[in-house]
Amino acid sequence: MTLSREEITRRLNPTLTKPDEDRIVVTPLLDMNDQVGRVEIDLRLGSQFILFKEHFQGSLNPIELSESESYIESYQEEIVIPYRKKIVLHPGRFIVGSTLEYIALPRDIEAQVEGRSSWARLGLTVASATTVHPLYKGVVTLELCNNGTIPLELVPGVKIAQIIFRLVTPPLSDQQMEEIKCKYQYSIGPGFSKLYDDKNLKQFLAIDG
């Protein structure tokens, strides 16, 4: 079941809810009347980004990534764009960003983050690679790709995506929550890929010859 504006508003209210039990945290909400829609909350673009370095490095080998946490840093770098400044995303280019808002979900709610149609019509694909699981806490990483034919200017603080909440029934138990390990819990900005944490990565990516 998807949460309606009425239920979202109730769950955002700290006087009517309890942390981890039924309260949803989305902060900062700069304009609640503007950001909370019929079944969603609009999310804004943060100021931190990860982009690929402009040099010829050859192919990125997932097996080497699994052997060294720092391997990915030879391909990507972190930058910060101050507010009121812009980053230009050229056609065919990809960057990793994150939401301005910090999200915290209770045990009975999962969420999906989707790009806004207004940006999609300009050629921008906004994706969040994973479901936002119950009891997740942190900003949400956004994968941004310009599939259009002209450069796009992105400004931190602009509404870039939307989050939709769905009820999990029954709520996850304490044991189930302990069994679920989230690689990116408590993120405060976009992080490098943690593909190296995947189990049996070498087994499935081994190439003969």
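The values are calculated or read from the model by the stated rules, or taken from the named source; none is laboratory data. Just so we're clear, the structure is a prediction, and the values are computed from it rather than from any experiment. All Cβ positions, even for glycine, are placed from backbone atoms using ideal geometry, and neighbour counts span all protein chains on display.
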message: Being at pLDDT 95 or above and of a type in the set (Asp, Glu) narrows it down to one residue among Glu114, Glu153; which is it?
response: Glu153
message: Please go through (1) modelled with pLDDT of 90 or more; (2) more than 20 Å from Thr2 (Cβ to Cβ) for Glu40 and return the number of the only condition it doesn't satisfy.
response: (2)
- request: Just name the residue that is nearest to the chain's Cα centre (by Cα) out of those in region 147-164 that are more than 14 Å from Ile41 (Cα to Cα) and among the polar types (S, T, N, Q).
  value: Asn147
query: Of the residues Leu167, Leu135, Leu144, Leu122, which is more than 11 Å from the chain's Cα centre (by Cα), under 24 Å from Pro28 (Cβ atoms) and either at pLDDT 95 or above or not small (Gly, Ala, Ser) (or both)?
result: Leu135
- prompt: Given region 89-157, what strands (runs of 3 or more DSSP E) lie entirely inside it while holding 3 or more residues that are touching a Cys at 6+ places or on another chain (Cβ under 9 Å) and surrounded by 14 or more Cβ atoms within 10 Å (Cβ to Cβ)?
  reply: 124-127
message: Suppose we keep only residues that are closer than 30 Å to Val88 by Cα and acidic (Asp, Glu) within region 1-55. Which one would you say is nearest to the chain's Cα centre (by Cα)?
response: Asp42
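The rows are residues; the columns are (1) touching a residue at least 60 places away in the same chain (Cβ under 8 Å); (2) touching a helix residue (DSSP H, G or I) at 6+ places or on another chain (Cβ under 6 Å); (3) at negative phi; (4) not in a loop (DSSP other than H, G, I, E, B).
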{"site": "Glu6", "(1), (2), (3), (4)": "no, no, yes, yes"}
{"site": "Thr15", "(1), (2), (3), (4)": "no, no, yes, no"}
{"site": "Glu21", "(1), (2), (3), (4)": "yes, no, yes, no"}
{"site": "Asp34", "(1), (2), (3), (4)": "no, no, yes, yes"}
{"site": "Ile50", "(1), (2), (3), (4)": "yes, no, yes, yes"}
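Hey, any hits in region 197-207 for a residue that's closer than 27 Å to Ile79 by Cβ, within 12 Å of the chain's Cα centre (by Cα) and modelled with pLDDT under 95?
Looking through region 197-207, none of the residues is closer than 27 Å to Ile79 by Cβ, within 12 Å of the chain's Cα centre (by Cα) and modelled with pLDDT under 95.
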